[in-house]
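Here's the structure we're looking at; comments come further down.
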Amino acid sequence: MSNPKDSPVIDSTVVKKGAVATASKTVTTPKTEDKDNSAHYDSIAELKKATDIVDAVGKPVQETAESDQAAKKAKLKDQLISEAKELEQNTAVESVNKAAKSSATDTDKDSQTTDTVDADKKASAKPDSNSNDEKQLKKASDSKEEPKPAEKAEPKPEQKDDSKQQKTTATDSSATKRSTEESATDKSTATKSPAAKKSTAKVVSGQHRVAILGGNRIPFARSNGAYSEASNTDMLTAAFNGLIERYNLQDELLGEVVAGAVIKLSRDINLTREAALNTALNPQTPAYDISQACGTGVQATFASANKIALGIIDSAITGGVDTTSDAPIAIGDGLRKVLLKLGSAKNMKQRLQALSKFDPKDLIDAPQNGEPRTGLSMGDHQAITTLEWNISREDQDELAFNSHKNLARAYDEGFFDDLLTPYKGLTRDNNLRPDSTIEKLGKLKPAFGKNNANPTMTAANSTPLTDGASCVLLSNEDWAKERGLKPLAYIVHQETAAVDFIGKSGDKEGLLMAPAYAVPRMLERAGLTLQDFDFYEIHEAFASQVLSTMAAWEDESFCKQRLGLDAPLGSIDRSKLNVNGSSLAAGHPFAATGGRILATAAKLLDQKGSGRALISICAAGGQGVTCILEK
């Protein structure tokens, strides 16, 4: 039948006429050509003549009322059941004998599988061995749908040289041989099929550990200086190329590349993808942009790190770039609207009407260095916070001095040799002042909060406008091991926070104070205290911002009322703060700062051999990005 589902035999059973039908069951009886078996039916038609065929609920397919026919059916049914039981007991033994006999004349075919060869050799050496018979019986039984354990098999009957065994046909021998070979082949296939690849990556809370393998950046340059002719794409490409060359990533298909910029031109619509295509990476590596003000570089890292932790990707390059030398200068909004109307005008009258609305004041739209909702610059916002926390000028200048001193020492020690690629003639950050002194810094005039009662923020204890790019290489442990790369550190916790700096929901908070809120939440989740760190890498947007954040952690009132803690977080060891310098000395190309800090912290931990680093970055819009690295 071409379609078994249409067969009337499906879901039916053979019963005596008038008996109750049982549940659907199919009994498979091995085919035999034993001439002594007179009750053999070659077709459904012959069987149907002798028996009733009913469906699963017992309804007869065809019914006859003749009593002598019913008796005949009952007799034949009993005979069939008896023969089935007898065949079930003898089939396994007969199959062994047939296989052994066949192997004597056709050993070349039987040698295709190891199991069959072994069975033939043992059968030839000891044809009467009980142990050999048991093994052959078990192999023959394996081909059945419901194999019986060897210990439960029926005892082997004494072999007799009778005519029934000698009448085994070539068809039976071939069928048995095929069954034996298929069984052996199935076993061989199961043995040879490769096991599923198991990840050897260590797991933290059910996630893959995310390793920082290294980083790269170009030297940071003060705005309108060495990089005045370089675009965001140029600088980001340079940072990527340095990383790819250092870690031999040519033609490598990574999980993704993620980066971004705070200040972008319209041509930078697909900035990261274009920069990636400029490199030797496999062009099938996906890439996309991300932006969160000064936290862009770290937030890009979080995006890829989360995917690596979940096993979605195994590797990534993340980073950021910014330039204020190549800042976008757009046409004014008024002029833009005039040009749109001019473009849609259908006649001269409409064109003249559109041009008549042009105002020369709307010619250009210059970049604004201020918060859209307040109009205040970031520095002026921080000047307010500086007064609230009573941060002194002396403390700010000391922090700035230490930043320059530490960065200069780190360069002299070669710390940045494998974290930096020279670019356009620069080999060091050109904002660095190795000869800076506290006395020199104290002579500078205030640059922010000039209208305040006691302005203390100067150009020296505030970061300058800067151009630059940075990136880091992330992966899981398996990917790193396969390429012989050593993890510098692991990203184990992260937290992003925002504060209400406009008083929308009540009291205002300082624009750059979000890290003060993010860190305690992260510490609670990690089960750590503020003192449980070997290094503190706190972005120095302004010296007073770093000092205000640390003062808040030490303040009991702030910690209880604003953070909801029972006690202050406490102070940190200042000797562990920004030990190789930070933004006040290196400069701050907004989106690129995160990559610089991540690579620096990871290498510090690698040099130490173990430990923990806290990273904290404030960002425009009242936001803060923090994370913890471990080795």
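The values are calculated or read from the model by the stated rules, or taken from the named source; none is laboratory data. Keep in mind that what you see is a predicted model, and the values were worked out from it rather than measured. Glycine also receives a Cβ, built like all others from the backbone with ideal geometry; neighbour counts cover every protein chain displayed. Each accessible area value is taken on the protein alone, full model and side chains, heavy atoms only, with ligands, DNA and RNA left out. Shrake-Rupley method; radii C 1.70, N 1.55, O 1.52, S 1.80 Å.
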#### Entry: Sole exception among (1) farther than 16 Å from residue 590 by Cα; (2) part of a loop (DSSP other than H, G, I, E, B); (3) over 21 Å from the mean Cα position of the chain (by Cα); (4) in contact (Cβ under 8 Å) with a residue 60 or more places away in the chain for residue 254, by number
(3)
### Task
Considering each residue of segment 424-482, count those that are of a type in the set (Gly, Ala, Ser), over 17 Å from residue 321 (Cα atoms), under 44 Å from the mean Cα position of the chain (by Cα) and not in a helix (DSSP H, G or I), and give that number.
5
### Query
Looking at segment 388-410, which of its residues are in contact with a Pro (Cβ under 9 Å, 6 or more places away or on another chain) and buried (at least 21 other Cβ atoms within 10 Å of the Cβ)?
404, 407
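Condition (residue is under 30 Å from residue 486 (Cα atoms), surrounded by fewer than 21 Cβ atoms within 10 Å (Cβ to Cβ) and in contact (Cβ under 8 Å) with a residue 12 or more places away in the chain) applied to segment 429-441: is it met by at least one residue?
no
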### Task
Would you check if there is a residue in segment 605-624 being assigned to a helix (DSSP H, G or I), crowded, with 17+ Cβ neighbours inside 10 Å and modelled with pLDDT of 95 or more?
yes
#### Entry: Residue check, residue 453 within 26 Å of residue 514 (Cα to Cα) and either modelled with pLDDT under 95 or among the acidic types (Asp, Glu) (or both)
yes
#### Entry: Selection status of residue 345, surrounded by 12 or more Cβ atoms within 10 Å (Cβ to Cβ) and either out of contact with any Phe, Trp or Tyr (no Cβ under 7 Å at 6 or more places or on another chain) or aromatic (Phe, Trp, Tyr) (or both)
yes
### Query
Which one of these does residue 470 not meet: (1) farther than 18 Å from residue 606 by Cβ; (2) open to solvent by less than 10 Å² (accessible area, probe 1.4 Å)?
(1)
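For every residue, the table says whether it meets (1) surrounded by fewer than 22 Cβ atoms within 10 Å (Cβ to Cβ); (2) out of contact with any Gly (no Cβ under 6 Å at 6 or more places or on another chain); (3) of a type outside the set (Lys, Arg).
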residue: 224; (1), (2), (3): yes, yes, yes
residue: 253; (1), (2), (3): yes, yes, yes
residue: 261; (1), (2), (3): no, yes, yes
residue: 266; (1), (2), (3): yes, yes, yes
residue: 270; (1), (2), (3): yes, yes, yes
residue: 290; (1), (2), (3): yes, no, yes
### Query
Which one is farthest from residue 325 (Cα to Cα) among residues in segment 538-593 that are of a type in the set (D, E, K, R) and not in a helix (DSSP H, G or I)?
566
